1. With a probe of 1.4 Å, find how much accessible area the chain has per residue, and write the answer as a whole number in Å².
2. Residue by residue through the stretch 50-67, which ³J(HN,Hα) values in whole Hz follow from phi under the Karplus form 6.51 cos²θ - 1.76 cosθ + 1.60 (θ = phi - 60°), with glycine and proline marked x?
3. What residue among 76, 20, 65 has the largest mean-square fluctuation in a Gaussian network model of the chain, using Cα springs under 10 Å?
4. Report, ordered by chain and residue number, the lysines lying within cross-link reach of residue 12, taken as a straight Cα distance under 22 Å and ignoring same-chain residues fewer than 8 apart.
5. For the stretch 48-89, which trypsin sites (Lys or Arg not before Pro) are in a loop by DSSP, counting at most 16 other Cβ atoms within 10 Å?
6. Helix-only mean residue ellipticity at 222 nm, the chain, DSSP H runs n ≥ 4 weighted -39,500 (n - 2.57), per residue, nearest 500. What is it?
7. Report Rg(Cα)/(2.2 N^0.38 Å) for the chain, keeping two decimals.
8. Which one, 56, 73, 13, has the greatest fluctuation when you compute a Gaussian network model over the chain with C-alpha springs under 10 angstrom?
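The values are calculated or read from the model by the stated rules, or taken from the named source; none is laboratory data. Please read these numbers as outputs of a predicted model, since none were measured by experiment. Using ideal geometry, Cβ is built from the backbone for each residue, glycine included, and neighbour counts are taken over all protein chains shown. The area values use the complete protein model at the heavy-atom level, side chains included, leaving out ligands, DNA and RNA. Shrake-Rupley method; radii C 1.70, N 1.55, O 1.52, S 1.80 Å.
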Amino acid sequence: MCLLLGATGVGKTLLLKHYSQLSVRDGTTDLGEPPVTLPTVGTNLTDLTLKKKRVTVRELGGCMSPIWPSYYTDCSSVIVSPEPHPYSV
């Protein structure tokens, strides 16, 4: 199990949907238009196949950050989606 963590509104669901699109394509990297997403309330479980290996990703909504540590023992890896910098560079 892999955890996908990040603050509310940083794009965790969008990232996961893009990974899902890549896992079903056969070498194509064009993702087209961004898929429609809704804020995650609670958790989402998604199974991905990456390089012929099946991975279950548990996305935890940003509002659940106080209880993230309770999920650490059941995971083998963590993806952190950072908050974008609010200033233009």
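1. 71
2. Working through the residues one at a time gives 10, 6, 6, 10, 7, 10, 9, 10, 9, 8, 10, x, x, 5, 8, 3, x, 10 Hz.
3. Looking only at 76, 20, 65, the biggest GNM fluctuation is shown by 76.
4. By straight Cα distance, residue 12 reaches 51, 53.
5. Values: sites: 51, 52, 53, 54, 58; in loops: 51, 52.
Answer by residue number: 51, 52.
6. It lands at -4500 deg cm²/dmol.
7. In units of the 2.2 N^0.38 Å rule of thumb, it is 1.14.
8. Answer for the Gaussian network model of the chain: 73.
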